[in-house]
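Trainee: Below you will find the structure I want to go over with you.
The values are calculated or read from the model by the stated rules, or taken from the named source; none is laboratory data. Remember, predicted model here, so these are calculated numbers, not experimental data. Neighbour counts are summed over all protein chains in view; Cβ atoms, including those assigned to glycine, are modelled from backbone coordinates with ideal geometry. Surface accessibility is based on the protein's heavy atoms, side chains included, excluding ligands, DNA and RNA. Shrake-Rupley method; radii C 1.70, N 1.55, O 1.52, S 1.80 Å.
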Amino acid sequence: DLVSERPAILRSGPITRQQLVSITGGDIALPVSHDVAVPGNVAAHYQPNTPMRCVAGEILLAEKTLDRGFLVWSPESIAGLAELDPARVRVLEANPVTYGQGLYRALAELDQMGFQQLLVEQPPESESWSAVNDRLRRASR
């Protein structure tokens with residue numbers, strides 16, 4: 001938002017606050033929650049029909065015998081699910097940009113398979129992953 005006195009990020013995206021600050025040289029507000037109505041910021045925008053939870057890798061692995069679809073990124077979770085039917089697992093890169101690019105397709109594919117629940121391995125909680133985490137929060141509502 002460049003209309004307000006202090007520039008602000010309205011929605012998390014692949015360009016981080018720090019990148020914007022380094023280019024503009026000024027301070028840019030980053031709200032705790034993104035609730036302004038802008039494209040990609042509607043609460044129900046990215047929701048699969050199948051209930052979905054974001055969980056730590058250990059929790060995800062503990063539920064691998066249940067009727068779940070899995071979306072993972074870490075080497076530990078990928079290895080821990082290796083014996084499952086590959087149709088139950090989608091793997092995305094441990095890179096926020098490429099993860100974000102594949103997220104909706106992976107969720108849509110798993111959503112159409114009739115699982116009781118989708119388990120998504122929680123990505124890192126860092127600024128570079130904020131757009132991905134924002135999308136996942138909206139998808140799991």
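Trainee: What distance in nm separates the simple spin-label points at residue 63 and residue 104, each placed 7 Å from Cα in the Cβ direction?
Mentor: Simple spin-label model gives 2.5 nm for this pair.
Trainee: How would the chain be classified by its alpha-carbon gyration tensor: rounded, prolate or oblate, with rounded meaning a/c under 1.5 and the a/b versus b/c comparison settling the rest?
Mentor: prolate
Trainee: For a test of the definition: using alpha carbon positions, the gyration tensor, and the 1.5 limit on a/c, classify segment 58-112 as rounded, prolate or oblate.
Mentor: Since a/c reaches 1.5 but b/c is at least a/b, the shape of segment 58-112 is classed as oblate.
Trainee: Heavy atoms only, probe 1.4 Å: what % of the accessible area of the chain goes to carbon and sulfur, would you let me know?
Mentor: 57
Trainee: Would you work out the relative contact order for the chain, in percent, from Cα pairs under 8 angstrom that are 6 or more residues apart?
Mentor: Contact order relative to length: 33 percent.
Trainee: Amide H to amide H, which residues 5 or more places from residue 89 or on other chains are under 5 Å from it, using H placed in the peptide plane?
Mentor: Correct list: 70.
Trainee: Measure nothing fancy, just the Cα-based angle from helix 96-111's long axis to the longest principal axis of the chain, in degrees from 0 to 90, nearest 10.
Mentor: Around 40 degrees separate the two axes.
Trainee: Skipping prolines and chain starts, which residues have an amide H placed within reach, meaning under 5 Å, of the one on residue 118, given they are 5 or more residues away or on another chain?
Mentor: Result for residue 118 returns 52, 53, 69.
Trainee: Okay, next question. If you fit an axis through the alpha-carbon atoms of helix 130-139 and take the longest principal axis of the Cα set of the chain, what angle between them do you get, 0 to 90°, nearest 10?
Mentor: Between helix and principal axis, roughly 60 degrees.
Trainee: Follow-up question, since we're still on this one. Over the chain, give the accessible area per residue in Å² for a 1.4 Å probe, as an integer.
Mentor: Ligands and nucleic acids excluded, the figure is 57 Å² per residue.
Trainee: Same structure, new question: Per the helix-only calculation at 222 nm, which mean residue ellipticity applies to the chain, given -39500 (n - 2.57) for every DSSP H run of n ≥ 4 and division by its residues, nearest 500 deg cm²/dmol?
Mentor: -9500 deg cm²/dmol
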